[in-house]
Amino acid sequence: MDLPVNHFKRALLNQQAQIGLWSHLSSHISTEILAHSGFDWLVLDMEHSPNELPDILSQLQAMTGSATQAVVRPPWNDMVTFKRLLDVGVQTLLVPYIQTAEEARDAVAYTRYPPHGVRGYAGAPRASGYGRIPDYAKRCADELCVLLQVETVQGLENLEAIANTPGVDGVFIGPGDLSAALGHLGNPKHPDVLAVIDRAIATIRACGKAPGILTGDETLAKHYLAQGCLFVAVGADQNLLRDSAQALSKRMKAGAPYKRKPHVEKACNAPSIQPHPADGRCG
């Protein structure tokens, strides 16, 4: 059994832009559908979605045989969480809320076995094919991809040091939290925010690392690709489901001879039960 190739990591190294989608639905069924929809990568989110380790495992299994690469965002930069995710077969991590070079070094160390890191060793985890992949522990780092998420003012101030950390493959700009940190909560398209993001992309590229971002605005997504972003998520599954469902119902109801009938409670036609003549009991 061979060590699985991380095609997402290889594409970034080869400067090939990767188009992805964010998944919040936490369902192996929706994940299986999305994994065969043509995207290069799919974020399985644990930070802002109700995913736990068994959910991630079932979604990884649902993606088997697809060309879409799983990118898992853990809830925090945590050694134990990373160990468990890597053991079930996650090869690419998107680590949230990185603000310093020290935190970046910790994130990388959590993915490496000693002496290069502090990842705990397990004899035959799923990632090793349950022990069928020869020398898994010695070779697995070659196919692991570490993406760090910068989304605060402090993170921007330390962006160059974070990006230059050995073992970091890419840096993702989190537009939502970043816009809040810059004083524009809920408005990632504010001109000040957009200008900061463009500068951050240029800095990441100058460090020789892959920049990434999320936006549901297709025009803005094309702009970020033109700026040199190599992994761009262009939407989220819950938004696609919400918008398509609402649009379908609106189209079908608009101008159509359709009117929902009001619900009317009908009286029960069952025969009445008379009291027992002796003591008033029913029967």
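Some notes on this structure:
- Meets criteria (under 25 Å from V43 (Cβ atoms), in a strand (DSSP E or B), touching a helix residue (DSSP H, G or I) at 6+ places or on another chain (Cβ under 9 Å) and not acidic (D, E)) for Q154: no
- Helices (runs of 4 or more DSSP H) fully within the range 164-227 counting 2 or more residues that are within 27 Å of A107 (Cα to Cα) and among the hydrophobic types (A, V, I, L, M, F, W, C): 175-181, 191-206
- Answer residue from the range 67-105, given it is hydrophobic (A, V, I, L, M, F, W, C) and in contact with a Lys or Arg (Cβ under 6 Å, 6 or more places away or on another chain) and is surrounded by the most Cβ atoms within 10 Å (Cβ to Cβ) among those: L94
- Condition check for V234 on (1) at pLDDT 75 or above; (2) of a type outside the set (S, T, Y); (3) over 40 Å from the mean Cα position of the chain (by Cα): one failure, at (3).
- Residues in the range 189-214 that are touching a strand residue (DSSP E or B) at 6+ places or on another chain (Cβ under 7 Å) and either buried (at least 19 other Cβ atoms within 10 Å of the Cβ) or polar (S, T, N, Q) (or both): I197, A200, I201, I204, K209, A210, P211, G212, I213, L214.
- Against the criterion of being more than 23 Å from the chain's Cα centre (by Cα), of a type in the set (K, R), in a loop (DSSP other than H, G, I, E, B) and surrounded by fewer than 16 Cβ atoms within 10 Å (Cβ to Cβ), R132 qualifies.
The values are calculated or read from the model by the stated rules, or taken from the named source; none is laboratory data. Remember, predicted model here, so these are calculated numbers, not experimental data. Please note: Cβ atoms are built from the backbone with ideal geometry, for glycine as well, and neighbour counts cover all protein chains shown.
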